[in-house]
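Written out below as structure tokens is the structure these notes cover.
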Amino acid sequence: MPDSSSTLAIEQYSVVLIRHGQPLPQRLDGTGNHASVELPLDDIVAWAMQHRAHEILLCHTHPSGDPQPSHSDLMVTRRLCAKLRRRNMRMTDHLIIAHRRSFSFRAHGLL
């Protein structure tokens with residue numbers, strides 16, 4: 001049985017912009033519900049362009065405690081990578097954080 005903190009928690013995301021290998025102070029954060037978060041892909045790309053970022057780092061949480069990416073996580077990551085590539089940007093990594101465990105798309109060869 002899941003503990004009550006995981007059932008009440010919501011998914012959250014953060015996007016960090018990177019220019020010339022350095023993180024920029026601006027960060028885009030958002031929340032979803034207990035099972036998913038809707039990423040505003042076009043807004044993320046426009047925001048990165050506005051700040052002249054070369055790369056983005058995407059992080060989001062899985063309150064369930066399982067850091068494995070869902071099918072939706074995989075599809076959204078592919079779509080965002082494609083949108084960034086069309087604007088000569090790239091995704092440095094997409095990290096999923098779940099309690100004390102994490103999953104890196106880059107380390108698993110998914111970027």
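The values are calculated or read from the model by the stated rules, or taken from the named source; none is laboratory data. In this text, all values refer to a predicted model and were calculated from it rather than measured experimentally. Note: ideal-geometry Cβ built from the backbone for every residue, glycine included; neighbour counts use all protein chains shown. Note: accessible area is taken over every heavy atom of the protein model, side chains too, but ligands, DNA and RNA are not part of it. Shrake-Rupley method; radii C 1.70, N 1.55, O 1.52, S 1.80 Å.
All of (1) at pLDDT 95 or above; (2) more than 14 Å from the chain's Cα centre (by Cα) hold for Val15 with one exception: (2).
Is at least one residue of segment 75-82 of a type in the set (Val, Ile, Thr), touching a Ser or Thr at 6+ places or on another chain (Cβ under 8 Å) and either open to solvent by less than 40 Å² (accessible area, probe 1.4 Å) or part of a strand (DSSP E or B) (or both)? So far as segment 75-82 goes, no, none of its residues is of a type in the set (Val, Ile, Thr), touching a Ser or Thr at 6+ places or on another chain (Cβ under 8 Å) and either open to solvent by less than 40 Å² (accessible area, probe 1.4 Å) or part of a strand (DSSP E or B) (or both). As a summary of the residue check, Val37 satisfies the conditions (1) crowded, with 17+ Cβ neighbours inside 10 Å; (2) in contact with a Lys or Arg (Cβ under 9 Å, 6 or more places away or on another chain); (3) assigned to a loop (DSSP other than H, G, I, E, B) except for the one numbered (2).
Looking across segment 83-111, the residues that are open to solvent by 50 Å² or more (accessible area, probe 1.4 Å) and in a loop (DSSP other than H, G, I, E, B) come down to Arg86, Arg87, Asn88, His99, Arg100, Arg106, Ala107, His108, Gly109, Leu110, Leu111.
For segment 40-63, what are the residues that are open to solvent by less than 80 Å² (accessible area, probe 1.4 Å), closer than 22 Å to Arg87 by Cα, touching a residue at least 12 places away in the same chain (Cβ under 8 Å) and not hydrophobic (A, V, I, L, M, F, W, C)? Spell out the reasoning first.
Kept after step one, since they are open to solvent by less than 80 Å² (accessible area, probe 1.4 Å), are these residues of segment 40-63: 40-41, 44-48, 51, 53-63.
Okay, now just the ones that are also closer than 22 Å to Arg87 by Cα, so 40-41, 44-48, 51, 53-59.
Applying the additional criterion that residues be touching a residue at least 12 places away in the same chain (Cβ under 8 Å) yields 41, 44-45, 47-48, 51, 53-59.
Answer for segment 40-63, where residues must be open to solvent by less than 80 Å² (accessible area, probe 1.4 Å), closer than 22 Å to Arg87 by Cα, touching a residue at least 12 places away in the same chain (Cβ under 8 Å) and not hydrophobic (A, V, I, L, M, F, W, C): His51, His54, Glu55.
For segment 58-81, the set of residues classified as out of contact with any strand residue (DSSP E or B) (no Cβ under 6 Å at 6 or more places or on another chain) and closer than 17 Å to Leu17 by Cα consists of Leu80 only.
Of all residues in segment 68-88, those that are in contact (Cβ under 8 Å) with a residue 40 or more places away in the chain have Cβ atoms under 9 Å from Cβ atoms of residues that are open to solvent by 30 Å² or more (accessible area, probe 1.4 Å) and part of a loop (DSSP other than H, G, I, E, B), 6 or more apart or on another chain, in Pro69/His108; Pro69/Leu110.
In this structure, does Gly30 turn out to be more than 24 Å from His108 (Cα to Cα), surrounded by 13 or more Cβ atoms within 10 Å (Cβ to Cβ) and of a type in the set (Gly, Ala, Ser)? First the steps, then the outcome.
On the way: more than 24 Å from His108 (Cα to Cα): yes; surrounded by 13 or more Cβ atoms within 10 Å (Cβ to Cβ): yes; of a type in the set (Gly, Ala, Ser): yes.
Yes.
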